[in-house]
1. Compute the FRET efficiency between I114 and D35 as 1/(1 + (r/R0)^6), taking r as their Cβ-Cβ distance and R0 = 30 Å, and round to the nearest 0.05.
2. I'd like the GluC sites (Glu not before Pro) in the stretch 88-151 restricted to DSSP loop residues with at most 11 other Cβ atoms within 10 Å, sorted by number.
3. So for the stretch 123-166, averaging the separation of alpha carbon pairs under 8 Å that are six or more residues apart and normalising by length, what relative contact order in percent results?
4. Among the listed pairs K17/K48; K110/K160; K34/K110; K60/K143; K48/K129; K72/K110, give every one whose C-alpha distance is greater than 29 Å.
5. Separation between the K160 and Q73 pseudo-spin-labels, each 7 Å from Cα along Cα→Cβ, expressed in nm?
6. Is it possible to state the helix-based mean residue ellipticity at 222 nm for the chain, with each DSSP H run of 4+ residues giving -39500 (n - 2.57), the sum divided by total residues, to the nearest 500 deg cm²/dmol? What is it?
7. Give me the percent relative contact order of the chain, please, defined on Cα pairs under 8 angstrom at least 6 residues apart.
8. Quick one: check the C-alpha center-to-center distance for the stretch 42-71 versus the stretch 131-154, whole angstrom.
Amino acid sequence: MMLGWPNMNVREIYNIKPEDEKMFNNFIKKVDIKDKDECWLWNAAVNKLHKYGMFWFKDKWTLASRVSMYFKQGYVTEGMHVCHDPIVCKHKHCVNPFHLREDTPSANIKDLVIAGNHNNKRKTHCPQKHEYSEYNTYYHNNKRFCKTCLRENQANYRRKKENYVG
């Protein structure tokens, strides 16, 4: 199966076990393979909530990027995440094995923050419905906090402390 950049045989990139041959053929049909350095976009099922590609793999729905990593390495380490390189890859639908790596969940969160895809970045208000504006937001240890909530919590603490009879 010659595709993409000159003389690229997709089977040379992936480590296909004989028992996975049929599943791999089904997987690769759903991928728009380009050059080695470009994103290979997933063209099939997508998770409605997180918008990542999904593939029916070993009797359950699995992230397509995780399946791509499995076919590349022959395994995916339990407890590890398959992460997109935040510098090279900007597409959630990318399954190019050259753009993926195994890493810890915390490293994956850092990548999401770098790429601007972390869920909290899309939040415009704190849980108490105060806006995260430039004036009303402060950052501590890479976390965002609401100044209005902080002032209210400090005032409540002072009131309780003043009223404490011990």
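What follows draws every value from the coordinates through simple rules; no lab data is involved. Everything quoted here is computed from the prediction, not taken from an experiment. A quick note on method: Cβ atoms are made from the backbone with ideal geometry, for glycine too, and the neighbour counts reach across all protein chains shown.
1. 0.80
2. Sparse-neighbourhood loop GluC sites (Glu not before Pro): E134.
3. For the stretch 123-166, the relative contact order is 25 percent.
4. K17/K48; K110/K160; K60/K143
5. The modelled label-to-label distance comes out at 4.5 nm.
6. -9000 deg cm²/dmol
7. Worked out over the chain, it gives 15 percent.
8. So the separation of the two Cα centres works out to 37 Å.
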